[in-house]
Structures are given as structure tokens and as C-alpha cells.
Amino acid sequence: MKRIGVLSDTHGIVPPQVYTFFKDCDELWHAGDIGPGVLDELRSFKPVRAVWGNCDNFSLHYELEERSFFVVEGLRVLMCHIGGYPGHYPYELRRTLELAKPDIFVCGHSHILKVMYDSDYNFLHINPGAAGRQGFHKVGTLVRFVIDGEPKDLEVLDFPKFPEASAPTPNTSY
């Protein structure tokens, strides 16, 4: 049995909720748009599997893969940044999905939390939304679950995108 924490689109910010929500996780999966310093910070907390995103700098492109395929507790996992969602996968990704036959597919990019079963490809699709502050999303989101023969006990945490103390204030002077 393994406890997994999933996040994406941190864009250079590790929200404090990561440390509490993922404290009992065995490893973290980051689905891209990591940002400077985040990977090192997460690695000092937990083992991390990650892919680079379209906003990541080239140093991460050299260190990480665009798509990562791995096996955890007997389940095949495919992770990439730009992945779409069931019925709407990018054309170039469909062949990879057919060949890899993952049990779990993880992606990010959209900043929209989406967890659903894809019956066409027979896998659990997880997009953890966005944990950072950059983007249109209204709240940050994190996902955790357990792999014990199958993915189960999935939980979502949502939290304010901007903590009250550091929330941007509108400019009302003209």
C-alpha cells in the first residue's frame, strides 16, 4: 500500500497546505508547471516524481521528462502536463495512451480539478487542478489517494489561492 499526493501548476509556489495534507504520503507526483525552486523544496519533504510543463524553464526540461511512465504497487501510471480529459485528449497523446495502457493517468495544465474514470481507455484520470497562485483558478487544489491493489480513498483539499495576509489588493486610486 502506498499513499500518493498529487499536485500541479505550482508556478514557483509551494503552498503551506502541501506539508499538512501530504504529511502521511509516501511520495508526491507533480504534473508540471513546477516553477523555480519548487522541485528541490518538495524533494526535501518527500520523494517526488515529476514531469515538466509548458511554463517550466529549460533546466527542468533537461532534468525531467515530458511524459513519464512508471509502476507503483503493480499499477501502471502515465503522467504528463498537457493531457486533456476523457473524450478530449490531444491527438499526439492518444497513441501513447493506447500503447502504455495506464491504470492511472495524471495531467495538469488546465488549472481545473478533474477526477473521473475513462471507460474508453479503462483508467482513472486525475488532474489535480492548480496549487499555485498564477492563473485564473479561484482556489488552490491538492489530491491524495491510496494505492492498495487499486486507487482508493481519494481526497481533495481546496484552499484560498491568496491567503488573506498576502492577498493582492485592488488599486482604487485613479
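The values are calculated or read from the model by the stated rules, or taken from the named source; none is laboratory data. Here the structure is a predicted model, which is why all the values come from computation and not from measurement. A quick note on method: Cβ atoms are made from the backbone with ideal geometry, for glycine too, and the neighbour counts reach across all protein chains shown. The accessibility values were calculated without ligands, DNA or RNA, using every heavy atom of the protein model including side chains. Shrake-Rupley method; radii C 1.70, N 1.55, O 1.52, S 1.80 Å.
Table for the structure above
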read-out	value
Filter pass, residue 60 being assigned to a helix (DSSP H, G or I), within 17 Å of residue 79 (Cβ to Cβ) and of a type outside the set (Asp, Glu)	yes
Strands (runs of 3 or more DSSP E) wholly inside the range 100-161 that include at least 1 residues being over 11 Å from the mean Cα position of the chain (by Cα) and of a type in the set (Gly, Ala, Ser)	139-147
Every residue from the range 53-70 that is open to solvent by less than 80 Å² (accessible area, probe 1.4 Å) and under 22 Å from residue 3 (Cβ atoms)	68, 70
Residue that is surrounded by the most Cβ atoms within 10 Å (Cβ to Cβ) [pool: residues in the range 1-52 that are part of a loop (DSSP other than H, G, I, E, B) and of a type in the set (Lys, Arg)]	46
Some residue of the range 100-117 being polar (S, T, N, Q), modelled with pLDDT of 95 or more and farther than 21 Å from residue 87 by Cβ	no
